[in-house]
Amino acid sequence: MTQVQARAVRSVEEGYPPELAGSMPAHRPKVVRNVILSLLDAGPEQRTAQQLARRISRRWHAWGYAQKHRNGEIVSYPAVVSELLRINHCGNPRCEDGEDVDDGHPCQACPERHRIRRSRAGAVPAARQVAEQPGRWDCVEPSCRRPGRGEGPPSGLCSQCLEGAAQAQRAVRRRAAEFALEEDALQRQAARSHAQARR
C-alpha cells in the first residue's frame, strides 16, 4: 500500500465499534484490506474512509452483529467486517442503505426496486395500510419494509430478506475460510523465518 492508502485504511479501522476493534487480530488481514481498498478506489461505488467507517458502525448494530458478539456467536471478525462493507445492490451506486450518500435524501432507486418486488409477488396494499390491518406485518429491514400476511416471523424479516441474511452468513463463512488460510500462511512463514534465524 501507499502511505495515502495506509492512512485511509487506518481511518476506516479507527471507526470500528469498540467491541469489534477489540476482537480483530493484531495484524491487518488481507481480506479486509483488499475490500477497503476496492471501495476507496475510483468508481461509482467509491466511498471515503469516514463513510466506510460509518457504514461498518451502523451495520454492526442494524444487522445484529453487536448482539451476536455479546452471545459469542461470531467465529471470524475479519469475515464479518468484509460482510459489513459489502455493496448494497439496489441499482444506485450512491445508495447507502436507503439514503443517498451525497445529500442524505432517500434513495430514488430503492422504492422502484421495492415496487418491482411487490409486483412480482402479486398486488398488495400499501405498506402503511397493511401495517394497520390485523394479521398483517411489515419486514423490519429498513431498506425493504415489504408487507406480509398472517403471523409475522420471529425474526421480523420477509422471506427475501431472510434469504439475503442466509446469503450474508454464507459469505461470512467463505471469508472466514479465506482468513483461516491467510492466518495459516502467516504462521508457516513466521515458523520458517524463526527456523532460519536459528541457523
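Looking at (1) at pLDDT 70 or above; (2) under 30 Å from Val80 (Cβ atoms); (3) not in a helix (DSSP H, G or I), can you tell me which one Glu182 breaks?
Of (1) at pLDDT 70 or above; (2) under 30 Å from Val80 (Cβ atoms); (3) not in a helix (DSSP H, G or I), only one is false for Glu182: (3).
Out of everything in segment 73-90 that is in a loop (DSSP other than H, G, I, E, B) and over 10 Å from the mean Cα position of the chain (by Cα), what residue ends up being modelled with the lowest pLDDT?
Checking each candidate, the answer is His89.
Given the options Val9, Val32, Val4, name the one that is assigned to a helix (DSSP H, G or I), of a type outside the set (Ser, Thr, Tyr) and surrounded by fewer than 16 Cβ atoms within 10 Å (Cβ to Cβ).
Just a single option satisfies the conditions, and that option is Val4.
If you take the residues of segment 135-153 that are assigned to a loop (DSSP other than H, G, I, E, B) and surrounded by 17 or more Cβ atoms within 10 Å (Cβ to Cβ), which of them is modelled with the highest pLDDT?
Only one residue fits best here, namely Cys139.
Restricting attention to segment 36-51, does a residue exist that is of a type in the set (D, E, K, R), crowded, with 18+ Cβ neighbours inside 10 Å, modelled with pLDDT under 95 and in a loop (DSSP other than H, G, I, E, B)?
yes
Of all residues in segment 52-73, which are surrounded by fewer than 18 Cβ atoms within 10 Å (Cβ to Cβ) and under 22 Å from Leu157 (Cβ atoms)?
Ser57, Arg58, His61, Ala62, Trp63, Gly64, Ala66, Gln67, Lys68, Arg70, Asn71, Glu73
The values are calculated or read from the model by the stated rules, or taken from the named source; none is laboratory data. Small disclaimer: the values here were computed from a predicted structure and weren't measured. Cβ: placed from backbone, ideal geometry, glycine included. Neighbour counts: every protein chain shown.
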